[in-house]
């Protein structure tokens, strides 16, 4: 199952757990399953069925274009990090 | 609008007549009236050298010269440097040395280098750096520009 | 993915394709654009750093003969609460619009308020002085720590600090807080024999491109809007203008003219929508140019910052823990590069226990824009100075301590992801064995310093089309504006695939109607991603050409092979034809060939650099001279080594300027007092020695030729390297940028 690295600012929702193994074949499913176990998680990561502005998804260390529809392998490692684009730090607000 | 003055001058060896307002700089005249856009505006106050041209044999920032001041004088610009089928050795040296990146400062540097080599055909590295200190380049760190000018001096 | 074979074109140094145009003055930049009936636009800017706009009266300006139109924020469609997706991440549309023309408040001196189109630029300038704006002046907040105080004047009353989706109750100038945590920092510091903690301040600096911003816009009678401009990304301009004007992208064509430098500063739009508004109002093409002080006061600098770094190490030199606090000035609207700064700060090291906190803070300065590895240079000034101090206190060579702790493939970055193949160690080793580092360094008041740096690089979208010509050449159509020789580095990758010389490729940078979507020239992505697209387009051409050879010889495609520019049949018929000759026979084998490639690669591969610098400190004047400079960098694979060296040298020199001279100097009212190239002093060639650029090649597995981006990382190490060299020279740790003569004299106790 994919492993999600929990950003330190969200670890209050996971009782301090730094990484969570969770089922899912897309980022959306992974987030939904995280939400079931740790209520409140989805609202911190998503807005209107998309990733929050200023966030980016890294799968196995590679930046994806931030869509929650992105497919993930069974052994994927997933990170949610501040978005960087075009030499830009995407505005976070 | 201010009254426009008639000016007759020589640009790159050709006699040129134009009308300009007294407040228009030579740079404005070259670019806006004569469509010689090789000289660039980087600062409009004589600090970047992107508008460098040679006026009666002397290197000037064309943004600091009034158009009307060129009456009866001779102006050399980047557009007049190459022969129809052959680049000037400084231009060749800039290409060979990859001495440009964005290229906006390049015409100014080349005119400045020409003015240097016209009066000092064999400058040292320090002399090149001293002479070109009035031309700003933000891309290259100047290394390849200085080498290009030294190469051009050796080739001429 | 990596092609491991000998290259014929890659690694050579052909003359760049746009070179002759650029050394003869014929290349057309944005300001060179002319059109019949052209009007000239100028922008009126706020004289106050912070004020409420009570009223704007444009009637006197409109009455001036020659004036054809005046626009204000009222001419921009209401943005509401919309969040614009610009492909580069989402942006609050109101901020974007308000930065173009202020609606309710001006938030920095130089903030655009209104604009005029007139028959000549002087009349437009005069008209600006006739626009009457009534302001209610408010106290400005000009420094990041002051802005974070609970009682600081607020720039935006609605901003609440967000911490990854959680929003605070009280309004604040702190727009967001980010954090990365790895392991147990407390435990890590407990394991340390030595702990060094220091605070650092960096000044506001500008990208300093020599070409000011420019834009010409025209609306056709059918509503088609065309914008000719200087930009790092024509498609990005199209997206931003479409959002700001609420106009369909299909009705906007952006024509990228040659661009006179950008370094990140020509991604955001400023006057492009203004030119469009004026063109709409007047029905004429309108050209808007900025002057130099407008560039300083009205376009993105990179932020000033306050940074605290604490690192602990064992007496053997193993770094056990690291902690960083980064507070960055975003300028007038949220969006400083504190994110990447926080992600890069400890990236040259493999450290088990790390905590990094970052704060994005609004202040009354221009909205910051990206500048070459945005955020990373500020951060590295802190971390690389602290690493140097640890090495010095432990009596370990500063490059040795970097090797001892260097990040390598498989190590985890502090922000989480695991490093792929990287060249950190290789850059440090190359610096260590370089004759510069092994040369004696002992003169009084001379010093040597080193520092390393990291930048991610990015991939993003690029598209390339190749049209095959009958004489064996190809026309390569691309959308990446060429700021530093990328026509050549992109063309060379296509040439390599097709076995033809670089000179047989005619590259063109075209408008947004003429090529597939291509993201900005930025993020060190152009040679990597657009080069990758060129590689794919050339592979497409190759496949089609193989089919044509098969047709010509009446054999199966599987029986045709291509190597070194020659197609040959491998079924015993012994047929052979060169790429060039086959190009001449396209007509008889089915007609023209067009190849295309479009990519969005994720494996940009991070870049590392290690710099060595020797300085001399003048004890009487406080002036620091750069005596010798060596910059080592992992390029993955240098496609055109001359232009890779050029990126390294240029980045290093921008860093030298940032280290020694450059800063925005403000008075108490929030006015920048040095908004000219005379007073904002960038390095001239007289200030510098030759810059020895050393290319290390650790191929990036995420690119067919192993390319890593090279443009940004060279600006990361210089500030710390120079600070460390100054320490070596005079025994004083400089912790504030720039390290200008007055600061050195103060540090030495002379004033």
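Pairs of alpha-carbon atoms within less than 8 angstrom and 6+ residues apart define the contacts here; what relative contact order does chain B have, in percent?
Across chain B, relative contact order equals 23 percent.
Kindly give the semi-axes, whole Å and largest first, of the ellipsoid equivalent to the protein assembly as shown, taking each as the square root of 5 times a Cα gyration tensor eigenvalue.
Semi-axes from the Cα gyration tensor: 40, 37, 32 Å.
Any idea what angle helix B:106-119 forms with the longest principal axis of chain B, computed on alpha-carbon atoms, 0 to 90 degrees, nearest 10?
80 degrees
Find the Rg to Rh ratio for the range C:43-200, where Rh is the Kirkwood radius over alpha-carbon pairs and Rg uses the same atoms.
That ratio equals 1.15.
Relative contact order for the range A:3-83 using alpha-carbon pairs under 8 Å, separation at least 6, rounded to a whole percent?
Once normalised by length, the contact order is 34 percent.
For helix A:27-37, report the angle its Cα long axis makes with the longest principal axis of the Cα atoms of chain A; keep it between 0 and 90° and round to the nearest 10°.
Rounded to the nearest ten degrees, it is 40.
Percent antiparallel among DSSP beta bridges with both residues in chain C, to the nearest 5?
Given both bridge residues lie in chain C, the antiparallel proportion sits at roughly 75 percent.
Would you mind checking the radius of gyration and Dmax of the range C:472-602 based on alpha-carbon positions, in Å?
When restricted to Cα atoms, the range C:472-602 yields Rg and Dmax of 15.8, 50 Å.
Determine, for each peptide in C:101-113, C:516-528, C:558-570, the mean count of other beta carbons within 10 angstrom over its residues, then list the peptides with the highest first.
Final packing ranking: C:516-528, C:101-113, C:558-570.
Can you tell me which of C:573-579, C:451-457, C:293-299 comes out highest on packing, and rank the rest after it, using the mean Cβ neighbours within 10 Å?
The densest-packed peptide leads the list: C:451-457, C:293-299, C:573-579.
Return one quarter of the surface area of the convex hull spanned by the alpha-carbon atoms of the range B:89-155, equal to its mean projected area, in nm².
Average projection, Cα convex hull of the range B:89-155: 3.7 nm².
Please compute the Kirkwood hydrodynamic radius over the range C:547-687, one decimal place, Å, based on all pairs of different Cα atoms.
Final number for the Kirkwood radius of the range C:547-687 is 21.5 Å.
Restricting everything to alpha-carbon atoms, can you work out Rg to Rh for chain C with a Kirkwood hydrodynamic radius?
In chain C, Rg relative to Rh is 0.99.
Once you average over the residues of C:283-294, how many Cβ atoms of partner chains fall within 10 Å of each Cβ?
Neighbouring Cβ atoms belonging to other protein chains average 1 per residue here.
In terms of the ratio Rg/(2.2 N^0.38 Å) built on C-alpha atoms, what value belongs to the range C:559-639?
Dividing the Cα Rg of the range C:559-639 by 2.2 N^0.38 Å gives 2.31.
The range C:366-481: percent of C-alpha pairs farther apart than 16 Å?
The answer is 75 percent, as a whole percent.
Where both residues lie in the protein assembly as shown, what percent of DSSP beta bridges are antiparallel, nearest 5?
80 percent
Please give the Cα centre distance for the range A:1-44 versus the range C:353-413, rounded to the nearest Å.
29 Å
Return the ratio Rg/(2.2 N^0.38 Å) for the range B:5-80, where Rg is computed over Cα atoms only.
0.95
Among C:94, C:74, C:287, which comes first, then next, by fewest other beta-carbon atoms within 10 Å?
Ordered by Cβ neighbours within 10 Å, fewest first: C:74, C:94, C:287.
So, how do all the Cα-to-Cα distances of chain A break down into 10 Å bins, in percent, from 0 on up?
17, 54, 27, 2
Which whole number gives the average, over all residues in C:208-214, of C-beta atoms from other chains lying within 10 Å of the residue C-beta?
6
Report the relative contact order of the range C:459-599, percent, no decimals, based on alpha-carbon pairs under 8 angstrom and at least 6 residues apart.
Reported as a whole number, the value is 35 percent.
Which angle from 0 to 90°, rounded to the nearest 10, does the C-alpha axis of helix B:143-155 make with the longest principal axis of chain B?
90 degrees
By average Cβ neighbour count within 10 Å, what is the ranking of C:417-427, B:11-21 from highest down?
My ranking of the peptides, most packed first, is C:417-427, B:11-21.
Only the coordinates and a few stated rules stand behind these numbers; no lab work does. What you see is a predicted model; the values in this text were computed from it and never measured. Don't worry about glycine lacking a Cβ; one is built from the backbone with ideal geometry, like all the others, and counts go over all protein chains shown.
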